[in-house]
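In what follows, a single structure is set out as structure tokens and then discussed.
A short reminder: the numbers here are calculations on the coordinates, not readings from a lab. No experiment lies behind these values; they were computed from the predicted model shown. Every residue, glycine as well, gets a Cβ built from its backbone with ideal geometry; the counts of neighbours run over all protein chains shown.
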């Protein structure tokens, strides 16, 4: 098949398809609502924002029990706000690390001068639950445990239910980074029992970047007054201001919030988490099976693979040059991600966003063309 015959990746607005873990391809309708202006204290915008905050806990079976505290900025703003608000200066946090986002959490705690202890496994290995149990038994000064739901460094799905059970057994508090999984993979307050979970607008809900949020227990939040290390990332103060005024303390990302509201409407219309997760799971199945057929080796075993982003080993064939591969795919309308592993040379392809199985098949056809032009061997392991 020649390059002229290859399916070209185009979104509803004619842009290249983002096969990434976010920012990601969004619907035309989500983009279109951003062409208008709203006053940040106007009743129309306040209603939109209130609905966003009220809808989010229901996605994780926490409606009526937990509250949403939004935080202007990227997902990392929300994670830093969660860690530095919930972990007091005199307490200690166990950080479970198997990728860049666990490492980032550790760095946040270090900069905030919060005590921490680490349990680290390779990027393709989930936490050792027996070791976590041992650490919590041995160190009674640990009050909080931080875990990443889906670590997009590799695409690994971490066992948050089992982690939550251990944390609950030891009477500690679980803080969860579900940035790349919220809305696609099930999270149930009744089975996990977290104090807070952080996520953002531009992942599986398919909004645009600029808003993080933390869904938290009011009882736990109520104990956090005075913990924050910065004014802008103080979740307690943000929560209290919403309770008193219904408004942000500082200028909110209005267009992002309105787009997020539209994205949530489309999320619920698709069937919520089960519907969104089903589409992503099919995307991942088509992608990984197709890449195997093309000779690429996935990093993760199937039971560890989340349907969010897949990591593939770089081919050993000297004809394969990643930058050439990347650029040729981008020219065909498909944007992928370089690898982020320390254990192997790799690259990543995302399965989330306004994409379906047809898009994944078209991307695979383009990948087949590119490696054919590069004369890369398709020998399978």
Point to revise | Cα centroid separation - the range 149-188 against the range 19-89, whole Å | key: 20
Point to revise | Length-normalised contact order of the chain in % [C-alpha pairs under 8 Å, at least 6 apart] | key: 25
Check your understanding: Is the range 1-110 best put as rounded, prolate or oblate by its Cα gyration tensor, with a ≥ b ≥ c the root eigenvalues, rounded for a/c under 1.5, and otherwise prolate when a/b is larger than b/c, oblate when not?
Key -> oblate
Exercise for review: Obtain the nm distance between the two label points defined at residue 323 and residue 90 by a simple spin-label model: each point lies 7 Å from its Cα along the Cα-to-C-beta direction.
Suggested key: 5.5
Check your understanding: If you line up the long axis of helix 254-269 against the longest principal axis of the chain, both from Cα atoms, how many degrees apart are they, to the nearest 10?
Key -> 70
Check your understanding: Which order results if 224, 324 are arranged by neighbouring Cβ count within 10 Å, fewest first?
Key -> 324, 224
**Study point:** Burial ordering of 364, 129, fewest other beta-carbon atoms within 10 Å first
**Key:** 129, 364
Check your understanding: Using the Cα gyration tensor of the range 51-177, with a ≥ b ≥ c the square roots of its eigenvalues, what is the shape: rounded (a/c below 1.5), prolate (a/b larger than b/c) or oblate (neither)?
Key -> rounded
Exercise for review: Give the calculated FRET efficiency between residue 111 and residue 245 to the nearest 0.05, with a Förster radius of 51 Å applied to their Cβ-Cβ distance.
Suggested key: 0.95
Check your understanding: Over what distance in Å are the Cα centres of the range 315-381 and the range 258-302 separated?
Key -> 17
Exercise for review: Pull up the DSSP beta bridges for the chain and report the antiparallel fraction as a percent, rounded to 5.
Suggested key: 50
Practice item. Please work out whether the chain counts as rounded, prolate or oblate from its C-alpha gyration tensor, where a ≥ b ≥ c are the square roots of the eigenvalues and a/c under 1.5 means rounded, while otherwise a/b larger than b/c means prolate and anything else oblate? Key: oblate
Check your understanding: Calculated from DSSP H runs of 4 or more alone, at -39500 (n - 2.57) each and per residue, what is the 222 nm mean residue ellipticity of the chain, nearest 500?
Key -> -12000 deg cm²/dmol
Revision key, fill the gap. Ranked from fewest to most other Cβ atoms within 10 Å of their own Cβ, 195, 139 fall in the order 139, 195
